[in-house]
Amino acid sequence: MATFQIWLVHALSTASPGVAAFMRSHWGWPVAESLHFIGLCLLLGAIGVFDLRLLGVAKRIPIVALHKLIPWGLGGFAINVITGSMFLMTEPDQYVYNPSFHFKLLFMAAAGLNALMFYLIPYKAIRRLPPGAAAPRAARIVGAVSLTMWLAVIVCGRLLTFYRPVACGATGPGFLAECIPARNAKR
Amino acid sequence: MLDSYFLWLEATRFSAWVREDPSIFVFPAVLAAHTIGMALVVGVGAALDLRILGVAPHVPIVEMKRFFPAMWMGLWLNVASGLVLLVAYPTKALTNPVFYVKLTLIAVALRILKSVRRRMVLVAGAHPAPMPARLRLLAVASLACWAGAITAGRLLAYTYTRLMADR
């Protein structure tokens, strides 16, 4: 595992030197962070409002009509994948070894699978619902899971900096893969 | 003059507790709550603005008000968590002009929201209803203010000149 992580950190940090140069410039990191937060709001706004409708809020809005907001949520997600990758490529050690980041990815994968389930199972039935109708039970579950997962993604993202592993003196890519076994050996 | 007040506030047990307790359920949790609140306020606000600007035209706009409670929840969560953060680091925030820019942008965005709420009732009826130019302008201004407030908020971590009153 350590070998893979060292390789991954090395690959990420050499992948796009232009990105790292921008991110290390005076305003690079704060600008990318601001965009990441704006993307987060778009994502939770569009997808969260849709989830709330599935859960029974604003029943008089036809679900199909509200679904037109979703591409904007995906746009927010795209902004965040791009800016998120920029963080990852600039400081891979801070993320590749960070449990908060691992959980964040896990919750994102769960949210993705959940969305896939939505289009595979209740979506077709929903398209035929008259305005004012409650969403079927499967869709309500999807809405609840989606909201929970995205809120968990936000919390994990915000907590990332508090689980940042501390350098142990080794340098170069993958320094923590050297540090962690050393730290564990001491316990 | 303000420094003596900052010194007193930073020395209170509550301020020191929020700042120094190593638990993930204290300072990091307050930050996480502040982020969730932001996502709720700006998220629902942006969804409303997008609707006004023509996204999802078949959504009856008046019905969007049903999502407002989520927004108020986020707003109160952020007033509370924001006050806690302010008590933890009063010097850091209040000596930074960017903090006042953030507060001003939030105030303007909320004022715009009030205006939008009053006007959106008037376009009730047939949908997709054409949106008055004035309402669309307000929606654009609202999006700009929220984006600005978020950016100013994020920049607080980079632009402060003094962290605490005694250093």
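The values are calculated or read from the model by the stated rules, or taken from the named source; none is laboratory data. Treat the numbers as computed from the prediction; the structure is a model and nothing was measured. Glycine also receives a Cβ, built like all others from the backbone with ideal geometry; neighbour counts cover every protein chain displayed.
Yes/no per residue for (1) under 18 Å from B:Asp166 (Cα atoms); (2) in contact (Cβ under 8 Å) with a residue 40 or more places away in the chain:
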position: B:Asp3; (1), (2): yes, yes
position: B:Leu7; (1), (2): yes, yes
position: B:Arg19; (1), (2): yes, yes
position: B:Ser23; (1), (2): no, no
position: B:Phe27; (1), (2): no, yes
position: B:Val30; (1), (2): no, yes
position: B:Gly37; (1), (2): no, yes
For this session: Answer yes if at least one residue in the stretch A:10-31 is out of contact with any His (no Cβ under 7 Å at 6 or more places or on another chain) and at the interface with chain B (Cβ under 7 Å from one of its Cβ atoms), and no otherwise.
Result: yes
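Assess whether B:Tyr158 counts as being in a helix (DSSP H, G or I), surrounded by fewer than 18 Cβ atoms within 10 Å (Cβ to Cβ) and either acidic (Asp, Glu) or within 13 Å of another protein chain (Cβ to nearest Cβ) (or both). Walk me through it before giving the result.
Working: in a helix (DSSP H, G or I): yes; surrounded by fewer than 18 Cβ atoms within 10 Å (Cβ to Cβ): yes; either acidic (Asp, Glu) or within 13 Å of another protein chain (Cβ to nearest Cβ) (or both): yes.
Yes, satisfied.
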Seminar exercise, completed: Note on the stretch B:30-63: residues part of a helix (DSSP H, G or I), more than 7 Å from chain A (Cβ to nearest Cβ), under 13 Å from B:Met131 (Cβ atoms) and not β-branched (Val, Ile, Thr) are B:Leu48, B:Asp49, B:Arg51
Exercise. Quick one: is A:Pro62 within 14 Å of another protein chain (Cβ to nearest Cβ) and over 17 Å from A:Met149 (Cβ atoms)?
Worked result: yes
Exercise. Does the stretch A:17-70 hold any residues that are among the charged types (D, E, K, R) and surrounded by fewer than 16 Cβ atoms within 10 Å (Cβ to Cβ), and which are they?
Worked result: A:Arg24, A:Lys59, A:Arg60
Exercise. Condition test on B:Arg19, is it in a helix (DSSP H, G or I), of a type in the set (Lys, Arg) and under 19 Å from A:Leu66 (Cβ atoms)?
Worked result: no
Problem set entry | Selection within the stretch B:64-87 - without any contact (Cβ under 8 Å) to a residue 40 or more places away in the chain and either under 19 Å from B:Ala152 (Cβ atoms) or facing another protein chain (nearest Cβ under 7 Å) (or both) | B:Arg66, B:Phe67, B:Ala70, B:Gly74, B:Leu75, B:Val79, B:Leu83, B:Leu86
Problem set entry | Single residue of the stretch B:1-18 satisfying the filter (surrounded by fewer than 20 Cβ atoms within 10 Å (Cβ to Cβ) and within 19 Å of B:Leu77 (Cα to Cα)) that is nearest to the other protein chains (Cβ to nearest Cβ) | B:Val18
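Within the stretch B:19-29, how many residues turn out to be at the interface with chain A (Cβ under 7 Å from one of its Cβ atoms) and surrounded by fewer than 17 Cβ atoms within 10 Å (Cβ to Cβ)? So that I can check it myself, show each step before the final result.
Just the residues of the stretch B:19-29 that are at the interface with chain A (Cβ under 7 Å from one of its Cβ atoms), to begin with: B:24, B:28.
After this cut, where a residue has to be surrounded by fewer than 17 Cβ atoms within 10 Å (Cβ to Cβ) as well, the list is B:24.
Residues flagged as at the interface with chain A (Cβ under 7 Å from one of its Cβ atoms) and surrounded by fewer than 17 Cβ atoms within 10 Å (Cβ to Cβ) within the stretch B:19-29 amount to 1.
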Seminar exercise, completed: Counting only residues that are more than 20 Å from the chain's Cα centre (by Cα) and surrounded by fewer than 17 Cβ atoms within 10 Å (Cβ to Cβ), the stretch A:141-168 contains a total of 3
Seminar exercise, completed: Being assigned to a helix (DSSP H, G or I), among the β-branched types (Val, Ile, Thr), in contact with a Leu (Cβ under 9 Å, 6 or more places away or on another chain) and at pLDDT below 95 narrows A:Val19, A:Val9 down to just A:Val9
Exercise. Since B:Met164 meets every condition but one in (1) within 17 Å of the chain's Cα centre (by Cα); (2) touching a residue at least 12 places away in the same chain (Cβ under 8 Å); (3) more than 13 Å from chain A (Cβ to nearest Cβ), which condition does it not meet?
Worked result: (1)
Exercise. Here are some conditions: (1) in a helix (DSSP H, G or I); (2) over 30 Å from B:Gly54 (Cβ atoms); (3) within 14 Å of chain B (Cβ to nearest Cβ). A:Gln94 meets all but one. Which one does it not meet?
Worked result: (3)
Problem set entry | Matching residues, the stretch A:113-140, being surrounded by 13 or more Cβ atoms within 10 Å (Cβ to Cβ) and under 30 Å from B:Ile24 (Cα atoms) | A:Asn114
Exercise. Listed residues A:Gly132, A:Gly157, A:Gly112, A:Gly143; which is in contact with an Asp or Glu (Cβ under 8 Å, 6 or more places away or on another chain) and closer than 25 Å to B:Leu40 by Cα?
Worked result: A:Gly143
For this session: Inspect all residues belonging to the stretch A:34-46 and state whether any of them is closer than 25 Å to B:Phe68 by Cα, more than 8 Å from chain B (Cβ to nearest Cβ) and not aliphatic (A, V, I, L, M).
Result: yes
For this session: Please name all residue pairs, on different chains or six or more residues apart, with Cβ atoms under 8 Å, provided the first residue is in the stretch A:77-89 and is within 13 Å of A:Met108 (Cα to Cα) and the second residue is among the aliphatic types (A, V, I, L, M) and buried (at least 19 other Cβ atoms within 10 Å of the Cβ).
Result: A:Phe77/A:Leu43; A:Asn80/A:Leu40; A:Asn80/A:Leu43
Exercise. Out of all the residues in the stretch A:40-74, which are charged (D, E, K, R) and either within 17 Å of A:Ile141 (Cα to Cα) or part of a helix (DSSP H, G or I) (or both)?
Worked result: A:Asp51, A:Arg53, A:Lys59, A:Lys68
